[in-house]
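Here the structure comes first, spelled out in C-alpha cells, and everything after it is commentary.
The values are calculated or read from the model by the stated rules, or taken from the named source; none is laboratory data. All values reported here derive from a predicted model rather than from experimental measurement. Glycine gets a Cβ as well: all are built from the backbone with ideal geometry, and neighbour counts include every protein chain shown. In case anyone asks, the SASA skips ligands and DNA or RNA and just uses the protein heavy atoms, side chains included. Shrake-Rupley method; radii C 1.70, N 1.55, O 1.52, S 1.80 Å.
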Amino acid sequence: MAQSNLQPAILSVDKLTKQYGTFRALDECDLKVYENSIFGLLGPNGSGKTTLIRCLLGYLQPTSGRASVQELDCCTQSLLVRQRVGYLPAEPKLFRMMRGRDCIDFFTSMHPRGSKTAAMRYADRLALDLSRRVAFMSTGMRRKLSICCVLGCPSPLMILDEPTENLDPSVRFTVIDLIQEIHQQGSTVVLCSHILSEIESLCDQVGVLRQGKIVRTARLEEVRTTHLLRAEMGPEGGPGGGLNDLPGGIRILETKNQSVTLELAGTIDAYCNWISQSGLRNIRLELVGLRGLYDQYHHPDGIPSKETRQSMEHQSTDEVL
C-alpha cells in the first residue's frame, strides 16, 4: 500500500545511469531519501552501491540522469554537496604514519562542520588508543578511527558504508548507539550494511539495489507485518475471478504452472475471507521480515524466475509497503 512521506526529500536520484562500454553499473536508478530518516541501502557486492555513492559525491560523472542533495546538483555543484555530506567509505584510507589523534585533527579541520571535541569523545566511547600510529593499528582500530573522523563532522546527510565491519560485537552495539545519536541530533543517515539485523534495528526505510537499479523501497514497520502466501491454484484459478480479482494489498510475486506466490501487506486477518473463497489449495503462510524481502530480489538459490524479474521491473521505486 502506497503512502506519501510528509518530510521533504534530502536526497533525490532520477534515472541515474553509469555505463562502462556495454556494462551498466547503474541502470536508470531512482531513489528518494527523506529528511530525518535512517535509510538502509541493501544489495550484494557488485549491485551498484559504491558507484551510486560516488556519483552522489561527484567523484564519478553519470552517463545520464540526475542526482541532488538538498536540491544541489551532484554533478555541477559537487563541492557544495560534499560540504553537506559526511561519508564513511567501506574501505577508508588513512595516513599510515599519522597517529590517531593527528588523523582526527586533520579530518575535522578540513570539514566545515568538523568538531575535534566530538570526534575525541567518540574515540573515548570506542576505547580507541589515539597515541598509536595508523600503520600499527589493527583493522578494527582503523575502522573505529574512521568512524570517529566521520561522525566528528556532523552533516545534514551522513552516508555510512559498512560502518561495523571488522568490529567485535560489543563495539558494534556502541557504533549503533552512535548512529542513533547523530540521527537524533538532526542528521539523515543512509546506511549500507550486509548485516540485516543492524538495518532492522536502525532504519525506518530500506531500498533494495539489484543490478544497478532500486527494485524496491519499503517501510520497516510494514515489512514486519508482511506475509508470503505460497499455494496451488485450482483448475480455474479459484471462484470469483481468483487471481484476476485481487483485493488491495496483495501482489503477485511469481506464478509457475499451477503454483503461485503472493505478497500480503499488513496483518493476515484482513485477507482471511478472501483466502477462504479464493480456491487456492495447499496454502503456506510465512512472515516476510527483512530477510524475506531481500531474498525476493536476491534469491539464495539463484536467479529469480522470469515472472519475478518482471514483477521487480514494474515495481514502483517510490512505493512503500
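Of note:
- Unmet requirement for Ile53, which otherwise passes all of (1) surrounded by fewer than 23 Cβ atoms within 10 Å (Cβ to Cβ); (2) assigned to a strand (DSSP E or B); (3) modelled with pLDDT of 95 or more: (2)
- Single residue of Arg224, Arg230 found to be buried (at least 16 other Cβ atoms within 10 Å of the Cβ) and modelled with pLDDT under 95: Arg230
- The listed residues are Asp30, Asp105, and the only one of them that is in contact with a helix residue (DSSP H, G or I) (Cβ under 8 Å, 6 or more places away or on another chain), surrounded by fewer than 21 Cβ atoms within 10 Å (Cβ to Cβ), modelled with pLDDT of 95 or more and charged (D, E, K, R) turns out to be Asp105.
- The lone criterion from (1) over 30 Å from Ile252 (Cβ atoms); (2) of a type in the set (Ser, Thr, Tyr); (3) not in a loop (DSSP other than H, G, I, E, B) left unmet by Thr17 is number (1).
- Test result for Val206, over 17 Å from Lys49 (Cα atoms) and buried (at least 21 other Cβ atoms within 10 Å of the Cβ): no
- Number of the exception - His183 against (1) in contact with a strand residue (DSSP E or B) (Cβ under 6 Å, 6 or more places away or on another chain); (2) at pLDDT below 95: (2)
- Residues that are in contact with a Ser or Thr (Cβ under 7 Å, 6 or more places away or on another chain), closer than 29 Å to Leu52 by Cα and loosely packed, with under 15 Cβ neighbours inside 10 Å occur at least once in the stretch 163-171.
- Just so you know, in the stretch 62-82 the residues that are among the β-branched types (Val, Ile, Thr) and closer than 18 Å to Ser155 by Cβ include one that is surrounded by the fewest Cβ atoms within 10 Å (Cβ to Cβ), and it is Val81.
- Remark: Met110 matches the filter, which requires a residue to be of a type outside the set (Ser, Thr, Tyr) and without any contact (Cβ under 8 Å) to a residue 12 or more places away in the chain.
- So Tyr59, is it hydroxyl-bearing (Ser, Thr, Tyr) and either open to solvent by less than 70 Å² (accessible area, probe 1.4 Å) or part of a helix (DSSP H, G or I) (or both): no
- Residue count for the stretch 16-58, restricted to those that are without any contact (Cβ under 8 Å) to a residue 12 or more places away in the chain and either of a type outside the set (S, T, N, Q) or in contact with a Cys (Cβ under 8 Å, 6 or more places away or on another chain) (or both): 5
- Residue tally, condition among the hydroxyl-bearing types (Ser, Thr, Tyr), within 14 Å of Glu232 (Cα to Cα) and surrounded by 15 or more Cβ atoms within 10 Å (Cβ to Cβ), over the stretch 243-302: 3
- Residue ranges of helices (runs of 4 or more DSSP H) in the stretch 64-143 with at least 3 members over 23 Å from Ile53 (Cα atoms): 100-110, 116-125
- The one condition in (1) in contact with a Lys or Arg (Cβ under 7 Å, 6 or more places away or on another chain); (2) under 23 Å from Leu11 (Cα atoms); (3) among the basic types (Lys, Arg) that Arg113 fails to fulfil: (1)
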